[in-house]
Amino acid sequence: MLPSAREKLVLQGAVSGELGLPAAALPLFSFVAVALFISLYLLTMRPTPRSLLRILVPVKRCVDYAVKIRVNAQQTGVETNVKHSMNPFDEIAVEEAVRLRERMKDSIKGITAVTIGPSKAQETLRTALAMGADDAVHVEVPESANVEPLAVAKLLRAVIEKKGPYELVILGKQAIDDDAGQTGQMLAGLMGWGQATFASKLEVDEAKGSVDVTREVDGGLEQIRVKLPAIITADLRLNEPRYASLPNIMKAKKKPLEKFKPEDLGVDITPRLQVLKVTEPPKRVGGQKVENVDELIAKLKEAGVLPGAA
């Protein structure tokens, strides 16, 4: 039952008496209270910087994909005095981070590119900055250093702990120089984060705090959901990287780039494996045409494929 007019007056008088306000001021007081409640509600719903996504993109300087690989004279590795560029799979990772920011607008707080390599690796970082990264971190190691995937993962963990928090790490599924394909998985294990490898499509669900990833598997596609923070490794079909424009290349020279050494991060990069020898595969020889089966058998015996002498 609704209160009568008399009961309303009694209620107003009781409230105004309790608060020490005249009865005429009660409607104004109620309006101010409601406005204050709405303001506080809107403030609590506004995203804070902690809720915005920060993306880390590890990139690697590799021998350019168009260069013919040759073993060096010492047979300790490949010849490195050739053209280098960013690992193509890492280019895809940088592009995907930039596209996420374009789609999600203000939900992305920043994109950081990081590399582990010699001083020349700064060129690779400048390329990532020109593509759209906001800042960069260079962990400098000697050119002759053999930094294994586990050491790289430990260095990346140290960067995340020092420069973080980061909610998403996107990197290439492998580097074209050694094709190890281990760093992303090792980093996920060290961090205790979820991972999605060989991603061909990804969508960030802000409401659920997760990433929906489509990945190619034998015989079809697999769709998985990973809670943030997460590690994503990029496959070839995720996107097609853009070319950096001249204005962005010039702007990249002024973007912040911070340097560290492994000892600054408390990481030992001493390799656990020793390369004994690297050799080129035997050169292929031209084939021969045969006129009949008997000649084919004779040639196979001559080559030692079949037992018996020709």
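Backbone phi angles across the stretch 57-63, fed through the Karplus curve with coefficients 6.51, -1.76 and 1.60 (θ = phi - 60°), yield HN-Hα couplings of 10, x, 10, 10, 8, 10, 4 Hz in residue order; Gly and Pro are listed as x.
Name all residues of the stretch 136-165 having a backbone nitrogen under 13 Å from the label point set 7 Å from the Cα of residue 257 along its Cα→Cβ direction, giving them as ranges. Zone members listed by number: 136-140. Multiplying the residue separation of residue 246 and residue 303 by 0.36 nm and subtracting their alpha-carbon distance yields 14.8 nm.
Near residue 261, which lysines are there with a Cα under 24 Å away, not counting those fewer than 8 places off in the same chain? In chain and number order, the partners are 60, 120, 154, 162, 163, 253. Based on every Cα atom in the stretch 104-245, Rg and the maximum pairwise Cα distance Dmax equal 15.3, 46 Å.
Read-outs: derived from the displayed coordinates by stated rules, not from any lab. This one's a predicted model, so the numbers in the text were calculated from it and none came from an experiment. Positions of Cβ are backbone-derived with ideal geometry, glycine not excepted, and every protein chain shown enters the neighbour counts.
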